[in-house]
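Single-structure report; data block below.
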Amino acid sequence: MASEHTSNRRDSWRSKLHEIIFEADTPAGRRFDIILLWAIVVSVLAVILESVPYFSLNYGEVLWAVEWFFTILFTIEYIVRILSVKRPMNYIFSFFGLVDLLSILPSFLGLYFVDTSSLRVIRILRLMRIFRVLKLIGFLSQARTLRDALIASKQKIMVFLLAVTILVVVLGTVMYIIESPESGFTSIPRSIYWAIVTLTTVGYGDIAPVTALGQAVASLVMILGYAIIAVPTGIITSEIVRNDVTSSNTQSCPSCSREGHDDDAEFCKYCGEKL
């Protein structure tokens with residue numbers, strides 16, 4: 001009886017932790033996500049400011065303290081996440097589990113690497129924390145709607161990208177033939193680079209046609225660029241309007257930690273565990 005009571009208590013606090021950490025539809029879950037989002041933003045901002053010489057020289061100790069405060073905080077959160085799921089290994093080796101680990105690991109690795117170049121790389125890796133925001137963005141129904149529209153239109157977008165690739169190769173080759181090496185079109189790959197820059201309306205200006213025919217083709221490519229930008233926008237917009245996205249919530253499976261279940265779901269559609 002004592003062992004059964006202990007087991008029930010363990011399951012009770014695990015369920016409570018899981019509800020707070022993984023469930024965004026609950027008041028406690030929303031508060032946790034808001035606090036976590038601000039913690040991620042501030043910690044990333046500290047890493048960015050550390051790369052600025054002025055802040056590094058004048059506020060280095062403060063930034064160091066802020067960095068370690070959030071490192072310890074995220075380490076505790078990572079451990080609690082592992083303890084709050086029934087199958088810890090599923091979370092540890094999941095995409096976001098690896099992101100959580102990689103967001104805290106560089107700070108600890110910095111204790112063992114004294115070489116300046118090594119430290120520079122490790123500090124940059126701490127920006128991995130920004131990927132943790134993806135978990136919070138996933139809780140927004142608008143983000144899920146956009147994600148589903150992108151998935152539904154991926155074949156159309158792939159066909160569009162293939163057509164654009166063929167177009168820039170053709171345009172680059174044409175400009176290589178029309179223009180001379182003196183104007184910057186020294187090879188077909190470099191001419192293709194010009195076509196991409198012009199078609200996307202970036203226009204660096206490092207390569208420019210000098211002949212009348214070349215300028216006429218360039219003008220056509222610039223006008224065509226606006227249509228190119230509008231096509232994928234139209235494809236995705238039509239999918240958002242046309243598709244009636246299935247209603248889903250942010251309930252996370254207590255076993256595998258996967259989300260995206262329907263509102264009336266009783267069992268996880270990934271592992272079969274009761275929700």
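Between F113 and I151, what's the calculated FRET efficiency when r is the beta-carbon distance and R0 is 25 Å? Round to 0.05. Approximately 0.05, to the nearest 0.05.
Full extension of the segment from T186 to C271, taken as 0.36 nm per residue of separation minus the current Cα-Cα distance, would add 24.9 nm. Each residue of region 27-36 was assigned a 3J(HN,Hα) from its phi angle through the Karplus curve 6.51 cos²θ - 1.76 cosθ + 1.60 (θ = phi - 60°); the sequence is x, 5, x, 5, 4, 4, 5, 5, 4, 5 Hz, with glycine and proline shown as x.
The residues F22, F160, F267, when put in order of fewest to most other Cβ atoms within 10 Å, stand as F267, F160, F22. Once the chain from V210 to Y226 is taken as fully extended at 0.36 nm per residue, the excess over their C-alpha distance is 3.5 nm. Averaging the sequence gap over all C-alpha pairs within less than 8 Å and six or more residues apart, then dividing by the number of residues, gives region 151-242 a relative contact order of 30 percent.
FYI, it's all coordinate maths here, none of it is from the lab. No experiment lies behind these values; they were computed from the predicted model shown. In this analysis, Cβ positions are derived from the backbone assuming ideal geometry, glycine residues included, and neighbour counts consider all displayed protein chains.
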